[in-house]
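What follows is a single structure, written as structure tokens, with notes after it.
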Amino acid sequence: MFNIRTDLALEAKEIYENDQKSTEIPGVKIENKDLENCKVTIVEVIDEQGSKIMNKGIGKYVTLESNLMKFDDDESREEMITYLKDELVEILGEDKTKKTLVIGLGNWNITSDALGPKSVSKTLVTRHIFKNYNKDYDDDFTEVSALSPGVMGITGLETSETVKSIVDMIKPDRVIAIDALASRKMERVNSTIQISTAGISPGGGVGNKRKALNKDYLGVDVIAIGVPTVVDAATLTSDVLDLAIDNLMSQSNEGENFYNMLKQLKEDEKYHLIKESLDPYDKNLIVTPKDIDETIENLSIIISEGLNRSLHPGRITN
């Protein structure tokens, strides 16, 4: 069977439903919310059975889908920031005494992987102020620190080890990790945000998974925020091939040799055809839109400001 790579729980759900012809997934709860310009899907993996089926850790996965993320204007950004802030507040709660460490995962030298570092650079940090004034509480702000630890190819250090060391030293109540993800559908690239309470594996979006950042490893709650910025080339090729085959089948008569050949190809030969086509290039080839520079800048504003407003209730906005 062709292995489709995706970091989105929503897409894992869709793949299961398509394969099993059922909307009931054992060990998984699904909730949908339709907002004015945003669709929210909550996939909650509640036990080990659901975790095995979905290939996702136990926890809640909140997915926001909106074309507003593709528009580089203040009105669209503001609306999307509000949607994100509302969902984050539901997950983070409103306890103003909690200390938060924000981690920007990814390689700042590769645009499609720079979402985490760029978002962290715009995050409002306050830990130094709390320490300087010996404060434990503030009506308008919470204690927030932030770091972009880089990737192993730059630092020579495992990201998880770096984060673990910082957590042990400053003892935050929770870690929020921001990272680029991979989708199986091109239309979800740069137009989807996933919030997860199950943690994250650094490098997952580009197929270089490292040790997971989760509560078991860090000892504190880990909330992951991610946007799919790339799609696997093999997955994209599979979808294009499916469309081509469906189009050819629609123009053929059922029962004809050509029709039967296409049907058989779709079921049995597609994987081998894709593998042979992509092998001369790179098995790990990924695709990202050509306007990724401007898009990542826009996405980093949405994520950082949504996070700032959810962590700092007194955040002043223009």
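Read-outs throughout are calculated quantities, based only on the coordinates presented, and are distinct from any laboratory measurement. Values in this document were obtained by computation on a predicted structure and should not be read as measured data. Ideal geometry is used to build each Cβ from the backbone, glycine not excepted, and the neighbour counts take in all protein chains shown.
Overview of values
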{"read-out": "Among 155-161, 231-237, the order from most to least packed when residues are scored by Cβ within 10 Å on average", "value": "231-237, 155-161"}
{"read-out": "Protection-proxy order for peptides 131-139, 47-55, 74-82, each taking the mean of Cβ atoms within 10 Å per residue, highest first", "value": "74-82, 47-55, 131-139"}
{"read-out": "Amide H contacts under 5 Å for D221, placed H, 5+ residues apart", "value": "V175"}
{"read-out": "Mean projected area in nm² (Cα convex hull; one quarter of hull surface) for the chain", "value": "18.5 nm²"}
{"read-out": "In sequence order, calculated HN-Hα J values of the range 30-46 (Karplus, 6.51, -1.76, 1.60; Hz; x Gly/Pro)", "value": "10, 9, 10, 9, 9, 8, 4, 10, 8, 9, 10, 10, 10, 10, 10, 8, 9"}
{"read-out": "Pairs from K118/K164; K56/K96; K52/K185; K164/K185; K60/K118; K185/K290 whose Cα-Cα separation, in the structure shown, is over 28 Å", "value": "K56/K96; K164/K185"}
{"read-out": "Residues whose placed amide H lies under 5 Å from that of I286, excluding near-sequence neighbours", "value": "A233"}
